[in-house]
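*Asks:* Encoded as structure tokens, here's the structure I'll be asking about.
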Amino acid sequence: MRRRDLFLIGGLLLLSLALFGLSCLRQSGTFVVVRVDGMEVGRYSLDADGVYPLNGGSNVLVIEDGCAYLSDANCPDKLCVKQGRVSRDGQVITCLPNRLTVTVYGQADGVDAYL
Amino acid sequence: MKSRKLTVLALCASLAMVLSYLESQIPSFVAIPGIKIGLANIAVVFALYALGGWEAAAVSGVRVVVTAMLFGSGASFLYSLAGACLSLAGMAGLKRIGGFSAVSVSVVGGVLHNLGQILMAWLLLGTGAIVYYLPYLILSGTLFGIAVGALAGYLVKRVPLSE
């Protein structure tokens, strides 16, 4: 290990910390958009509680107390269920096996990329 | 190609495949998709130092294709291909620049592997919102990259390859 190794590794760690810091500034969201294979298949307000089967029942979306989470999935790893609750603008839940994403947006006019 | 080199190359490729398989058996310990230890990169970094850039590309290429055929799906092949291409280009580039240790090379490989997967997910999932995972993936790529690079660097020192 030399000095430039430390700079490179330290720089990357700082970068990830800075990005974590930025994501703390997210505003709370107002609705979620569900996409399968990149196509929007539904949007749900975070204000109204509800349980919604998605994508023919492959995943189950629950909206509760202004948060969204997936309560069940038919994939083996269930990573999307473990990802827990999201409520802030830009947060995402992803189910890679079913190519499904649930993205939180703040304003009604959703922009596609947030950091 | 000398038979000795060919043999080492084949050993690296099969080691990379076994390590990939081993890693696929470890249950995911965090909920973020795409976080991996990157054990197979031990064999790729070793090949990069012991044999060279093209040889490392061969090891990585064989691993990606054969692992996808044996254990994977079409989608997992695309993710791993995107990750492997970016990762290799970055690692070979950084090694060529010189002055960095194997740990740095492996860290850059790990981070770029994750970046490649995010870009592929952007393409396949059709939403840029996926960059939400970027800070997690940079952090995990760096930390696991340090461990993988340290191991690979140790192996390069210890395994005699001179004829």
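*Asks:* Can you pull the one-decimal nm distance between simple spin-label points at A:Lys82 and A:Arg4, each 7 Å off the Cα toward Cβ?
*Replies:* Roughly 3.8 nm, to one decimal.
*Asks:* Here is a further query. Thinking of segment B:58-105 as a set of Cα atoms, what percent of all their pairs are more than 15 Å apart?
*Replies:* The answer is 50 percent, as a whole percent.
*Asks:* Sticking with this structure for a sec: I need A:Tyr69, B:Tyr132 ordered by Cβ neighbour count within 10 Å, fewest first. Provide the component values of the computation, followed by the final result.
*Replies:* Numbers: A:Tyr69 19, B:Tyr132 27.
Starting with the residue having the fewest Cβ neighbours, the order is A:Tyr69, B:Tyr132.
*Asks:* For A:81-91, what's the mean count of beta carbons from other chains sitting within 10 Å of each residue's beta carbon?
*Replies:* Rounded to a whole number, the mean comes out at 2.
*Asks:* For segment B:59-95 and segment B:131-158, what is the separation of their Cα centres, given in Å?
*Replies:* Using only Cα atoms, the two centres lie 16 Å from each other.
*Asks:* Same structure, new question: Tell me, what ³J(HN,Hα) does each residue in segment A:30-35 have, in order and in whole Hz, if you take phi through Karplus 6.51 cos²θ - 1.76 cosθ + 1.60 with θ = phi - 60° and put x for Gly and Pro?
*Replies:* With the stated coefficients, segment A:30-35 comes to 10, 8, 10, 10, 9, 10 Hz.
*Asks:* Further question: In vacuo Debye scattering of the protein assembly as shown, one point per C-alpha: log10 I(q)/I(0) at q = 0.13 Å⁻¹?
*Replies:* Summing over Cα pairs of the protein assembly as shown leads to -0.87.
*Asks:* Just how large is the dipole of chain B about the Cα centre, in debye to the nearest 20, putting +1 at every Lys and Arg Cβ and -1 at every Asp and Glu Cβ?
*Replies:* Here the size comes out at about 380 debye.
*Asks:* Between segment B:1-37 and segment A:40-67, how far is it from one alpha carbon centroid to the other, in angstrom?
*Replies:* Result: 38 Å between the Cα centres.
*Asks:* List A:Met1, A:Met39 from most exposed to least, where exposure is judged by having the fewest other Cβ atoms within 10 Å.
*Replies:* A:Met39, A:Met1
*Asks:* At q = 0.21 Å⁻¹, what is the log10 ratio I(q)/I(0) for segment B:1-141, with the Debye formula run over Cα points and no solvent?
*Replies:* The calculated log intensity ratios at q = 0.21 Å⁻¹ are -1.34.
*Asks:* I would also like to ask the following. Given only helices, namely DSSP H runs of n ≥ 4 each adding -39500 (n - 2.57), what is the per-residue ellipticity at 222 nm of the protein assembly as shown, to the nearest 500 deg cm²/dmol?
*Replies:* Numbers: 8 runs with 151 residues, N = 278.
That comes out to -18500 deg cm²/dmol.
*Asks:* Provide Rg and Dmax in Å for chain A, with only Cα atoms included in the calculation.
*Replies:* 16.8, 56
*Asks:* Using Cβ counts within 10 Å as a stand-in for footprinting exposure, how do A:Ser28, B:Ser76, B:Ser87 rank, fewest first?
*Replies:* Arranged by neighbour count, lowest to highest, A:Ser28, B:Ser76, B:Ser87 become A:Ser28, B:Ser76, B:Ser87.
Read-outs throughout are calculated quantities, based only on the coordinates presented, and are distinct from any laboratory measurement. Because the structure is a prediction, the values reported are computed rather than measured. Counting neighbours? That spans all protein chains shown, and the Cβs are built from the backbone with ideal geometry, glycine included.
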